[in-house]
1. Quickly run through the stretch 206-232 and pick out the residues that are open to solvent by 40 Å² or more (accessible area, probe 1.4 Å) and within 7 Å of ligand 2 (Cβ to nearest atom).
2. Give the number of residues within the stretch 136-153 that are under 20 Å from residue 204 (Cβ atoms), free of Cβ contacts under 8 Å to residues at least 60 places away in the same chain and open to solvent by 20 Å² or more (accessible area, probe 1.4 Å).
3. Go through 39, 69 for me and flag whichever is in contact with a Lys or Arg (Cβ under 9 Å, 6 or more places away or on another chain), at pLDDT 95 or above, within 16 Å of ligand 2 (Cβ to nearest atom) and among the aliphatic types (A, V, I, L, M).
4. Do you know which residues across the stretch 112-135 are over 16 Å from residue 57 (Cα atoms) and open to solvent by 10 Å² or more (accessible area, probe 1.4 Å)?
5. Between 106, 96, which is within 16 Å of ligand 2 (Cβ to nearest atom) and either modelled with pLDDT of 95 or more or among the aromatic types (Phe, Trp, Tyr) (or both)?
6. Take the residues in the stretch 24-59 that are over 18 Å from residue 5 (Cα atoms) and more than 17 Å from the chain's Cα centre (by Cα); name whichever of them is surrounded by the fewest Cβ atoms within 10 Å (Cβ to Cβ).
Amino acid sequence: MSKVLKEQIDNMEMLCQDVFKMTIKSEYVAANALPGQFVNVKCGGIDALLRRPISICDVDKAKNTFDIVFQIKGNGTEKLCHKCAGDVDIMAPLGNPFLIDDKYKNICVVGGGIGTFPLLYLLKSSKAENKTALLGFRTKAAVVLENQFRAAAQNVEIATDDGTYGSKAFVTDLLEQRILELSKLGQKLDLIYTCGPTPMMRKVAAIAEKNNIACQVSMEQRMGCGIGACLVCACKTKQGEDEWGFSHVCKDGPVFWSTDVCWE
Ligand SMILES: Cc1cc2nc3c(=O)[nH]c(=O)nc-3n(C[C@H](O)[C@H](O)[C@H](O)COP(=O)(O)OP(=O)(O)OC[C@H]3O[C@@H](n4cnc5c(N)ncnc54)[C@H](O)[C@@H]3O)c2cc1C
Ligand code: FES
């Protein structure tokens, strides 16, 4: 169950230009948050009255803390990055989490930009035997949390748009390569999880479908209330054989099976 909480900021760190990690002390969120869920944060200021959704990036149950990592996009996140101490007003944890199941032994996360952040807690929580992380960033200076991903997965590959770090490729190219490498060894991914820009996730979903691999996507729609009351976060989903309707990303997602999303 989600709660409105006023929690203490434990630490604030700049990870790279315009990207910040906020560690928040919260016994409730640390005990209850699942990978893929998000918090709705009051950023403060008259021009950012609505809360802003930010994914839970990591949880430290021993310390009763959790991390959010966010990029400055506009007024809300700009205000948030100046909060270095004191309390922060959050509604959490929200949304449906990623599916973690022991039957999926060979998993792969595919993240792009800010979409990489929720995938860290997922990898750390999964007990899959073989974990791969394929991460895409614009450029070397935008690569964050690399060491944490390397500690959480056996295989980590990074792609940058400009080739300044890792492969000069789209992260979806890395996914196709990984699937091919595994098939040469007679192996197959059991489940792909993806979060990032919609065109990237659309391509990941298509690759998964072509190769008959289950795939979960975390949609990043603009949000209003965060609790299913305002319809701002509508996302077109399949509802039956030839039917479609609108789902709320905040309440029905943000995680969906890729085959349930209408990608046009
Ligand atoms: C479920 C969910 C989880 C998210 N997790 C993270 C996260 O872990 N880290 C992070 O940095 N961001 C995350 N986001 C995106 C984040 O919520 C937005 O960047 C933020 O709300 C922007 O607020 P703002 O006031 O700074 O910018 P605004 O002034 O509201 O907008 C500035 C620009 O950002 C665009 N924008 C706003 N909201 C979104 C959105 N949801 N998706 C794409 N573009 C948007 C606007 O169209 C505009 O161009 C998440 C979004 C959702 C829905
Ligand atoms: S944000 Fe209001 S219904 Fe989803």
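1. If the condition is that a residue be open to solvent by 40 Å² or more (accessible area, probe 1.4 Å) and within 7 Å of ligand 2 (Cβ to nearest atom), then 227, 229, 230, 231, 232 are the ones that fit.
2. Looking only at that region, the number is 1.
3. 39
4. 127, 128, 129, 130, 131 - these are the residues of the stretch 112-135 that are over 16 Å from residue 57 (Cα atoms) and open to solvent by 10 Å² or more (accessible area, probe 1.4 Å).
5. Selected residue: 96, the only one of 106, 96 that is within 16 Å of ligand 2 (Cβ to nearest atom) and either modelled with pLDDT of 95 or more or among the aromatic types (Phe, Trp, Tyr) (or both).
6. 46
The values are calculated or read from the model by the stated rules, or taken from the named source; none is laboratory data. All figures in this text were calculated on a predicted structure; none of them were measured in a lab. Please note: Cβ atoms are built from the backbone with ideal geometry, for glycine as well, and neighbour counts cover all protein chains shown. The accessibility values were calculated without ligands, DNA or RNA, using every heavy atom of the protein model including side chains. Shrake-Rupley method; radii C 1.70, N 1.55, O 1.52, S 1.80 Å.
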